[in-house]
Every structure is written in structure tokens, then in C-alpha cells.
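Peer 1: Have a look at the structure that comes next, please.
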Amino acid sequence: MFNKESQRVLKLFSELIIAIFIIESLVMAILHIFIEPLHLSALAEGFLDSFALVIFLLPALYLLFYRPLCLEIVRYKQALGAMQELKTGYGVVIRTALDGFWLADREGHILEVNDAYCRLSGYSRKELLTMSIADVEALEKPEDTQRHIQQIIKTGGDRFETQHRSKDGRIVDIETSVNYLSTDGGRLFAFLRDITERKNNQKLLLESNALSQSLIQTIPFGMDVVDEEGNILYLSPRFEAALGKEAIGKKCWQLYRDDKQQCRDCPLRKEIVMGETASIETDGVLGGRSFQINHSGMFYQGKKAVLEMFQDITERKKAERSLEKLATAVRQTADVVVITDSEGKIEYVNPAFEKLTGYSKEEAIGQTPRILKSGKQESSFYEKLWKTILSGEVFRDTLLNKKKDGQLYYSEKTITPVKDKQGNITNFVSTDKDISELKKAEEKLLRLNKELFELDQMKSEFINMASHELRTPVAIIREGISQLTEGLHGELAGEQKRFLGISLNNINRLIDIVDSIFDVSELEFSKPELNLEPADIVELVRKVITDFSQKAKDKGLEIRQSFPENKIVFSLDKQRISQAFSELISNAIDFSDSGFIEIKLQEKDNHVEGSISDSGRGIPEDALPHIFDKFQQIGRKCGPGPKGVGLGLAIAQAIIKLHKGAISAEGKLNQGATFRFSLPKENTK
């Protein structure tokens, strides 16, 4: 307003100067026209000019300047009065306002301040009137504050947020609205509002939002918001990535459920209660998985809604089912199961424990397994037991325990330590099996085995004795018959010689039987030490074949040989190996009526393989497992002719085993037989 009044006064003054100049010029021009013919003196002309100017200028000055100026002064006073009244009214408002206010000059010195700002800053009015804006400004430096003031002066005002420092050092967030007026050399009118609480709330809100977003991003399960009809309003990033944004607006059960049906216990079937949380577990979700869904009533987008949080519990449900199976198995197993703590106090027993021991679950829990102690086992046994399980090892042994009624029973016990993630023992699991009947059977079997062993020893001793005792008289009889048949005691008739020849042959057979029995007895029970020395097994076998060549020829059998060109030399007992081959070749000849006998030897890296095959009577399938048993004569023919005693194969097997070798038989009835063996090249005594 003051700028406008000044402009109007300046305009009047300018118009006055121009008017004076124009009037003076016109008056002088007109006056000279009329007085020039009068030829007045210069003094008279000057006086007349001045008089004319006064007459004409005074009305002009009054009309053009004085009267408008008086009117402007009157209006100015009226405006000034109204302004003073307005100032008084606004002063009351400003002083009593809840927001702070101060008035400052162009340099930023505070000229006026209200009570609200005094309370806000903690300074008194007197103190603030000696200060400048830079003294309370906490966000800007003094030079920045001065530049800001100049910017406000230039633009006429500003609205911004800053911080002021109160008297006690507290920083206050301020929202400032400033206007600049050029009155009285320029004044800054500022209204200041304390927004500290608002800023703190905004900060808390931002932190809360950031926390919420972080939680939403990091929670290991999906989340959505659905309305009362089950329409999806919001999906968490995890769900949105899996289901796509197009899921918004669809029914939640049509999207999640494999059968596209609403859950039977879905909270949406009831009225939504704000702030109430309900939890359900359901299967057949998102491809056969199991979920726990927590529902919370809330408002979303201006309407009732439900926040759903999905936690995948598929693995937990599987574990629960496995645990239930395990618990059922433990409850129903026939074996006793006992679980104790690390000090041995019983925490669990299964029904089998109650059935076996006679103690009920209630009687056993809290006790220790000492309630079953029979007192029949040494204390050292239990010391070993505890030492084993406390070291983390599994203990296995047989205990003699006592039932509640005092009856003793044998228990086959296994105790297993249970450890936590740190390796500390937390429990012991004990399993027991009642083996009382098995123990009785075992004791009976041991007794029978002992008796059988004694009988076998007696048999072996008898055979050994009989073999030695029979040799002498048989040898004497053989020698006497030989002398008779040779005519050393006189000539014999033909029939006498024939019968004595038959007797001599049977005596020789008897000697062979006695020798075989002696050999078996020696190999089986005496375990003779081998006389090992390097020898060529090919040469040994050739000599044995030579010994049997006439016997084979007499039966019309062809002996085939398949040996390597090089020698096969390794440590062996030459006499025993020759005996083994003699028994095998003799067996092949005895059980072959025509055809061939084939003998093979083959050298391997660390052993020698061989076989004796024939085209004879073969071996019945049911006789194969017993082919190397003593006194076995598979396929023996009745009638005259030489007969074996069934010890040859047993002797051959025993000799090969003494050499740490192996022998086996194969064949079918009437299709021949093959005996395969292997001997290691390295033998030790």
C-alpha cells in the first residue's frame, strides 16, 4: 500500500512541474502579444509578467496539486488508522497463536517474537530480541542463512523446513513460512511451526515401512490379502513371482488348492473379525504340498479383508508321519525298548517291557535299570557297560536279569548313546530280547556238540589204532600167501594157486583200505606239516599218468594231456601232490568204462589251475554236495571187480587244502565228471 501511495505523490509532483512549465509558457506568450504595442519599460513588463503568472498559476496549483494532495493525505491517514487497528488485532492474534512468529529486518535481526516461539525455543522474549536468525538456525551456516534471506527478499517469500537449536541444545524441526515487505526499510514476517513430532512420526513410519518390506521380502513363506469373497487383493513378492500379477482378483482357493475347492475350515466361511487370528492346516496345496495358513482380519483398500500367511509344512508333516510310524513301531515291537536320560533314569518303556518284566510303565519311569539286576553278574561287567556307553560307543552283550516276580531271564541287550548336535550324550536307548529259550537250546547244543566231539575223537582214535594194529597181521598174511603162491613151501595144484591168488588180491585191497584210512586220519586230525620244496608240477603229473597208463589202456580209455610247454615250478609237497593226483586219476579211471580221461594244467599270475575230466558215469545232482565226504561211493557197480572204499576224493581234497588251495566237482549223471582245483604258487609251512 505504501508503495502505491508514494507512486501517486510522485506522479502528482511530476504533473505539477509540467503544468507550471506549460502555463508559464502560454501566459508569457499571450502577455507579450498584448503588451508589446504598449512599449512598456522592462521593469513594468517584469512586474506585469509576474502578476500574470501568479494570477494564472495559483488556480492551476490548487486544482492540479494542492487539492489532490490534500485528498491523498486524508486517504493516507484513514488507511494508516485502519492499518493501526488491523495491526492491533493481528498483534493479539499473533501473540496468542499456537505457532511461533517473529519479525526480522533485512540483516536477520529479530525485532519481534511471540510467546509461542519463546516456549518453542526456550529463550525469553528479551533474549530473542538481542539475537539473529543465524543464532537459532541449526541446519544452515550463517552465510547460508544470509543468502537464504536475500533470496526471500528477491522472491517476496518462501516456505521450507529447517531446524532450530533451542536454549538447552535440543534440536527442533521447524516448518517456516516467510514473507518480505519493504515497509520500514524491509521486514521479514515469519510463522514457525514445531514439526518435531511429525518428523519423528514420519521417521518411525518410514522405518516401520522399511521393516515391513524387509519382513515381506525375507519371510520364508508366501503372503496375500483377500476380501470377504476370497478375491485376492495383494500378493507378497514371493507369491507374485510364483503366481504372476494376473493372480490378483482371482479366488484364492481356485489359485492355490489342487482340487479348486474352498477349505472346509476356511475362516472366510465365517464373519471376519478385525484383529482376530485363526490358523488352519491343509493338504493338497500348490501341487500336493501341505501348508499352515494363518488368517488375520484387517482393513485393506477401505474394506474388510483377511491377511493370509502361508507356511510350507510339507517336510514337517512327513517328519511327523515318520515319527508316528516310529512311535507305533516302538510301541508294537516284540523287543523291549527302554529310553533313559544321560544319568540312566528311565524316561520311557514300551509295552513289551511291561509284558516281559512285570513292571508297569508307571513303576519303571523314574527308576534305573538296576531294578532288573539279578546279582548274578560281576560288578566289572557293569563297569565295562558304563565305560562303553559313556565313551559314546554302542554296548552289546547278554545279561542275566530278574523279573518283578523274581524269575531270572537272559536278555540280549544293545545300548546306544543318543547325542545332540554338539556331540553331548543326552539319552540312552536300550533294546532287549528275551533269549532264555535260545540260551537253553544253546546250552543243549553245546552239550550235544561236546558229546559228538568226544565220539568223533573216539572214532578217530579207533581208526588210527585199527590202522596201525591191522597193518602188522595183514602184512604177515600177505607175505605167507606170497610165499605159498611162489612155491617156496612146495608145489601147489592149479586150483589152489587160483584161490590163493584171489586171497592175495583181497589182502592187497585190504592193505590199500588200511593205508587210506590211516591217510585220512592223519590229514584230518594230525594236520601233518608239509615238506615244501620247489618242484615242477607238470613233471609230477606226467609221472602219475605213467603209473596209470596201463590201467587206462586195459579199460580202453584214452588219456589226454593239456600242459604248457614251460615248466611250472613253485613250492609244494611232491609226495602229497602226487598222491592227490593219483586219487583223482584213479577215481576217473574207476568210474569210466570207455571214452577218455583229460588232464589239464594252466599257469596264472599267482596260482596254478588244473582239472581232471572223464566221460564216465557222471555224478547225480543230489550227490554233488557230498562228493568229497568220507566213505562215499557214488555210482558204484555191483558184481565182481575191484572196489574202492570211498576215501580217495576226501584224501585229495585234504591234501589240496593243506596247500591252501581249493577243489570243486561238477557233472551230470551219465555225462562224465570234472574235478577242478587251484593251488597258490606261494606256500608257507
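The values are calculated or read from the model by the stated rules, or taken from the named source; none is laboratory data. Bear in mind that the values here come from a model prediction, so they are computed numbers and not experimental data. Cβ atoms come from the backbone with ideal geometry, glycine included; neighbour counts cover every protein chain shown. Quick note on the areas: whole protein, heavy atoms, side chains included, nothing else; ligands and nucleic acids left out. Shrake-Rupley method; radii C 1.70, N 1.55, O 1.52, S 1.80 Å.
Peer 1: Which order do 131, 309 take by accessible area at a 1.4 Å probe, largest first?
Peer 2: My answer, sorted largest first, is 309, 131.
Peer 1: When the Cα centres of segment 389-438 and segment 234-254 are compared, how far apart do they sit, in Å?
Peer 2: Centre-to-centre (Cα) distance: 55 Å.
Peer 1: Please work out how much accessible surface residue 479 shows to a 1.4 Å probe, ignoring ligands, DNA and RNA, in Å² rounded to 10.
Peer 2: For residue 479, solvent-accessible area is about 90 Å².
Peer 1: What is the distance, in nm, between label points placed 7 Å from the Cα along the Cα-to-Cβ direction at residue 433 and at residue 328?
Peer 2: The two pseudo-label positions are separated by 2.4 nm.
Peer 1: What size of dipole, in debye to the nearest 20, comes out for segment 270-416 about its Cα centre when the only charges are +1 on Lys and Arg C-beta atoms and -1 on Asp and Glu C-beta atoms?
Peer 2: Working: 23 positive and 22 negative charges, 60 e Å.
Taking the Cα centre of segment 270-416 as origin, the dipole is about 280 debye.
Peer 1: Moving on. In what order, largest first, do 386, 253, 102 sit by accessible area if the probe radius is 1.4 Å? Write out the running numbers ahead of the final one.
Peer 2: Details: 386 95, 253 45, 102 10 Å².
So the residues, ranked largest to smallest area, are 386, 253, 102.
Peer 1: Round to the nearest 10 and report in Å² the accessible area of residue 271, as given by a 1.4 Å probe over the protein chains' heavy atoms.
Peer 2: 140
Peer 1: Let me ask something additional. Going down the list 167/203; 318/433; 361/440; 440/660, which pairs span over 32 Å between their C-alpha atoms?
Peer 2: Values: 167/203 24 Å; 318/433 30 Å; 361/440 29 Å; 440/660 38 Å.
Pairs exceeding the cut-off: 440/660.
Peer 1: With a cap of 14 neighbouring Cβ atoms within 10 Å, and only residues DSSP puts in a loop, list the chymotrypsin sites (Phe, Trp or Tyr not before Pro) found in segment 289-325. Mind showing how you got there, number by number?
Peer 2: Details: sites: 291, 299, 300, 310; in loops: none.
Hits after loop and neighbour filter: nothing returned.
Peer 1: Leaving ligands and nucleic acids out of the surface, order 458, 223 by accessible area at 1.4 Å, largest first. Spell out each step's value before the answer.
Peer 2: Numbers: 458 115, 223 20 Å².
My answer, sorted largest first, is 458, 223.
Peer 1: Using Cα centres only, tell me the gap between segment 135-187 and segment 256-333 in whole Å.
Peer 2: One Cα centre to the other: 59 Å.
Peer 1: Another question, if that's okay. Taking 0.36 nm per residue of separation and subtracting the Cα-Cα distance, what length does fully extending residue 394 through residue 124 add? Kindly include the intermediate steps, with their values, before the conclusion.
Peer 2: Values: separation 270, 0.36 × 270 = 97.20 nm, distance 8.51 nm.
Result: 88.7 nm gained on full extension.
Peer 1: For segment 364-413, what's the relative contact order in percent, using C-alpha pairs closer than 8 Å and at least 6 residues apart? Please report the intermediate quantities before stating the final value.
Peer 2: Details: 42 pairs, mean separation 16.6, N = 50.
Once divided by the residue count of segment 364-413, the mean separation gives 33 percent.
Peer 1: List the relative contact order of segment 287-358 as a percent without decimals, with contacts defined as Cα pairs under 8 Å and 6+ residues apart.
Peer 2: For segment 287-358, the relative contact order is 20 percent.
Peer 1: Further question: Between residue 374 and residue 458, what length comes free when the chain is fully extended (0.36 nm per residue of separation minus the Cα-Cα distance, one decimal in nm)? Write down the numbers at each step before the final one.
Peer 2: Numbers: separation 84, 0.36 × 84 = 30.24 nm, distance 4.08 nm.
The span from residue 374 to residue 458 would gain 26.2 nm if fully extended.
Peer 1: Quick one: Cα convex hull volume of segment 119-265, Å³ per residue? Write down the numbers at each step before the final one.
Peer 2: Values: hull volume 33.1 nm³, N = 147.
Once divided by residue count, the hull of segment 119-265 is 225 Å³.
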